[in-house]
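Enquirer: First the structure, which I've put down as structure tokens, then a few questions once you've had a look.
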Amino acid sequence: MTLRERVENCIQEMLSHIESEDYAGYDPYDALNSPFVRRIGARSRWVRIAVTQLFRRSPVNLRPLFGIRKGHNPKGIGLFLWGYSKLYALYREDRYLERVDYLLDLLERLRSEGYSGSCWGYNFDWQSRTFLRPAGTPTIVNTSFIGHALLDCYEYTGLQRALDLAVPIKDFILNDLHRTPRGDTFCFSYAPIDTEAVHNANLLGASILARLTRYCDDERLVPNVLASLKYSVRGQRPDGSWFYAETGLQAWIDSFHTGFNLQAIRYILDAGLAQEHKDAYRQGVEFYARNFFLEDGMPKYYHDRVYPIDIHAPAQAICFFSGEGEQYRPLTDKILDWMLNHLYSGKGLFCFRKGRWLVNRTPYMRWSQAWAFHALTEYLSVQMEDNSHDATDA
């Protein structure tokens with residue numbers, strides 16, 4: 001069986017599972033959805049962090065015992081929408097378009113209310129090291145990923161309401177988020193209630209604004225894209241890498257956030273903007289390819305150590321390198337083959353993490369299933385498009 005055939009089979013198995021669950025599931029960070037955990041953590045940030053990490057790291061899913069129910073995660077719904085839109089573009093089957101309509105309905109209902117434009121958060125309270133973000137608090141990361149899914153949905157299906165949901169994202173990003181200034185640049189905040197300056201969040205926000213320049217006439221877009229992009233390009237290290245953020249507690253270099261940075265910059269370059277940053281982009285791509293994958297395609301979590309292997313690492317790598325052309329086709333295929341061999345449990349389920357000795361097989365709907373689905377459909381979409389071009393050229 002060819003790699004493409006394995007991908008097609010896996011996608012169909014995933015569809016059976018995610019549709020039977022109505023796209024709802026558990027999340028690695030949903031511990032605070034437990035009534036018991038909320039009570040014990042009501043007054044202590046460190047208790048909330050500790051319990052969240054316990055639930056996330058436990059190889060046994062504790063959530064049913066603590067009253068946590070499966071839920072619809074907006075970012076997961078956006079990733080599923082993205083995948084179904086690609087499947088519809090490939091096969092033109094009504095069943096995929098019907099699911100696209102259903103997922104658009106969900107995204108409309110899950111929007112965060114009370115902000116300037118379209119935006120989305122999580123379906124759980126989330127305690128970071130610095131901020132407590134209540135359920136529904138919109139983030140630039142969630143909103144940007146959903147925005148890219150909506151724009152591709154519009155391009156693949158022609159559904160106007162996908163575009164109508166996407167365009168107001170610009171108003172949320174430009175009006176409701178804080179900015180960390182640095183000279184003639186700035187960094188968008190992660191959410192309206194904090195001032196965290198995180199490179200992947202900043203770049204993702206800039207990338208959706210860049211794509212929206214094609215669909216709306218707003219003179220604010222290009223200057224904000226260029227200023228926020230420049231902030232993170234200046235934060236790029238001499239070897240082409242980025243720290244997650246520039247505070248001492250966040251000075252790590254990991255795989256999938258590196259991929260998010262580069263995918264965001266590629267969107268901006270593809271929009272015809274900031275061509276002066278092509279060299280920085282290419283240096284980042286080379287660092288990503290050289291430092292995060294072993295010879296057999298095994299993805300590393302950090303640039304300087306392997307474990308734990310998180311499903312996000314191969315999934316984002318497959319999404320990114322699928323779009324980098326023939327030069328990276330062998331690497332993409334190796335990563336995909338490794339992911340299917342080592343993180344796929346069968347029956348449409350992908351594992352969350354693989355450690356040196358243990359595998360966490362909890363099938364988190366947003367973190368594992370939605371990301372794997374997005375990666376597989378992206379790979380298939382690019383493969384079939386390339387084959388179509390080859391046939392036309394012949």
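Enquirer: Applying the selection to segment 110-139, what residues are in contact with a Lys or Arg (Cβ under 8 Å, 6 or more places away or on another chain) and over 21 Å from D164 (Cα atoms)?
Expert: Y122, D125, W126, Q127, L132
Enquirer: Go through segment 1-25 and report how many residues are over 17 Å from L343 (Cβ atoms) and modelled with pLDDT of 90 or more.
Expert: Number satisfying all stated conditions: 13.
Enquirer: Considering only segment 1-67, give the helices (runs of 4 or more DSSP H) lying wholly within it that have at least 2 residues that are more than 30 Å from G83 (Cα to Cα) and not assigned by TED's automatic domain parsing to the domain that holds A315.
Expert: 35-40, 45-57
Enquirer: For the structure I just gave you, tell me whether D152 is part of a helix (DSSP H, G or I), assigned by TED's automatic domain parsing to the domain that holds T213 and free of Cβ contacts under 8 Å to residues at least 24 places away in the same chain.
Expert: Against the criterion (part of a helix (DSSP H, G or I), assigned by TED's automatic domain parsing to the domain that holds T213 and free of Cβ contacts under 8 Å to residues at least 24 places away in the same chain), D152 does not qualify.
Enquirer: Determine if segment 98-121 includes at least one residue that is of a type in the set (D, E), assigned by TED's automatic domain parsing to the domain that holds S16 and touching a residue at least 24 places away in the same chain (Cβ under 8 Å).
Expert: Yes, some residue in segment 98-121 is of a type in the set (D, E), assigned by TED's automatic domain parsing to the domain that holds S16 and touching a residue at least 24 places away in the same chain (Cβ under 8 Å).
Enquirer: Condition first: of a type in the set (A, V, I, L, M, F, W, C) and closer than 21 Å to R282 by Cβ. Now tell me which residues in segment 323-341 satisfy that.
Expert: Passing the criteria: L331, I335.
Enquirer: Can you work out which of the residues in segment 81-98 that are surrounded by 22 or more Cβ atoms within 10 Å (Cβ to Cβ) and not aromatic (F, W, Y) is nearest to C153 (Cα to Cα)?
Expert: Restricting to residues being surrounded by 22 or more Cβ atoms within 10 Å (Cβ to Cβ) and not aromatic (F, W, Y), the top hit is S85.
Enquirer: Of all residues in segment 181-221, which are touching a helix residue (DSSP H, G or I) at 6+ places or on another chain (Cβ under 6 Å), aromatic (F, W, Y) and outside any strand (DSSP E or B)?
Expert: The answer is Y190, and nothing else.
Enquirer: If you don't mind, there's one more thing I want to ask. What's the total number of residues in segment 37-69 that are of a type in the set (F, W, Y) and either in contact with a Gly (Cβ under 7 Å, 6 or more places away or on another chain) or more than 19 Å from P308 (Cα to Cα) (or both)?
Expert: So the answer is 2.
The values are calculated or read from the model by the stated rules, or taken from the named source; none is laboratory data. All figures in this text were calculated on a predicted structure; none of them were measured in a lab. Because the Cβ atoms are built from the backbone with ideal geometry, glycine has one as well, and the counts that use them run over all protein chains shown.
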